[in-house]
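Heads up, the thing below is written out as structure tokens.
The values are calculated or read from the model by the stated rules, or taken from the named source; none is laboratory data. Treat the numbers as computed from the prediction; the structure is a model and nothing was measured. Because the Cβ atoms are built from the backbone with ideal geometry, glycine has one as well, and the counts that use them run over all protein chains shown. Just the protein is used for accessible areas: all its heavy atoms, side chains included, with ligands, DNA and RNA removed. Shrake-Rupley method; radii C 1.70, N 1.55, O 1.52, S 1.80 Å.
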Amino acid sequence: MEHTKSFFQRKLKTDTNDLIIEGPLSSDELSQYSFHEQLTAFRTPKKQFEAIKGIADLPEGRIIVARFEGTIVGYVTYLHPDPLERWAEGKMENLIELGAIEVVPGFRGYRVGSQLIEVSMLDEYMENYIIISTEYYWHWDLKSTGLSIWQYRKVMEKMMGAGGLTPAPTDDPEIISHPANCLMVRIGKNVSGSDVDKFDHLRFLTKHQYSNRRS
């Protein structure tokens, strides 16, 4: 699989500044910008910036950013699932994960997250992928938003829906450990039926493993 990437860009107006939503970007292109100091959801800004530059240069890796002039104020990442996760067990080249999405507090409320996902889906090559996002309530910024778990879940569903991702059932232990957690999925129109079957097997891997032990 070639993992072809096509660049797209759009402008997003806010009450204070115009943002540029663009990508996928390479690590060299990302290095031309600074990384906002409030992008701290996953690790320190310096370490997170290095992490997304590393993802950008993976064959399948995609980084879409929102920037104000030369400063990145939001981003979304796509890459193959972590090798330790069940989603990697099928070794599916066309299965990628929306691994992280983050927007600085000052630009929330302008649909920046939705715009990041929308721009990422403008690339026709995304139709060759099964795209997943694993949503866990303990990753959500409930404190600063003041939202309840279920309100935040609704926000996440709406944002992911901007890119065509919808909730899908699974027996993954972490996801079913809390009713607010969910698996979001988008199956591209060019994905074969056999690959959909392989993915369905991964979604219910626990059931299949249990059945195999009994047989």
>> Step by step: first the residues of the range 38-76, then only those that are part of a helix (DSSP H, G or I) and of a type outside the set (A, V, I, L, M), then the one that is most open to solvent (accessible area, probe 1.4 Å). Which residue is that?
In response: K46
> For M126, all conditions in the list (1) in contact (Cβ under 8 Å) with a residue 60 or more places away in the chain; (2) open to solvent by 20 Å² or more (accessible area, probe 1.4 Å) hold save one; what is the number of the exception?
Replying inline: (2)
> When both residues are 6+ apart or on different chains and their Cβ atoms are under 7 Å apart, which pairs have a first residue that lies in the range 159-172 and is in a helix (DSSP H, G or I), and a second that is open to solvent by less than 40 Å² (accessible area, probe 1.4 Å) and aliphatic (A, V, I, L, M)?
Replying inline: M159/I117; M160/I117; M160/M184
>> Looking at (1) of a type in the set (V, I, T); (2) farther than 19 Å from I55 by Cβ; (3) open to solvent by less than 30 Å² (accessible area, probe 1.4 Å), which one does V155 not meet, given that it meets all the others?
In response: (3)
> Applying the selection to the range 161-185, what residues are touching a Ser or Thr at 6+ places or on another chain (Cβ under 9 Å) and either open to solvent by 60 Å² or more (accessible area, probe 1.4 Å) or farther than 23 Å from L84 by Cβ (or both)?
Replying inline: G161, A162, G163, P173, E174, I176
> Out of the range 116-130, which residues are assigned to a helix (DSSP H, G or I) and over 22 Å from Q48 (Cβ atoms)?
Replying inline: E118, E124, Y125, M126, E127, N128
> So is T145 surrounded by fewer than 19 Cβ atoms within 10 Å (Cβ to Cβ) and in contact with a Phe, Trp or Tyr (Cβ under 8 Å, 6 or more places away or on another chain) or not?
Replying inline: yes
> In the range 173-197, how many residues are of a type outside the set (A, V, I, L, M, F, W, C), touching a residue at least 24 places away in the same chain (Cβ under 8 Å) and part of a helix (DSSP H, G or I)?
Replying inline: 1
> Across the range 97-115, what is the number of residues that are in a helix (DSSP H, G or I) and among the hydrophobic types (A, V, I, L, M, F, W, C)?
Replying inline: 2
> Based on what the data block shows, is V112 over 24 Å from K189 (Cβ atoms), modelled with pLDDT of 95 or more and over 11 Å from the mean Cα position of the chain (by Cα)?
Replying inline: yes
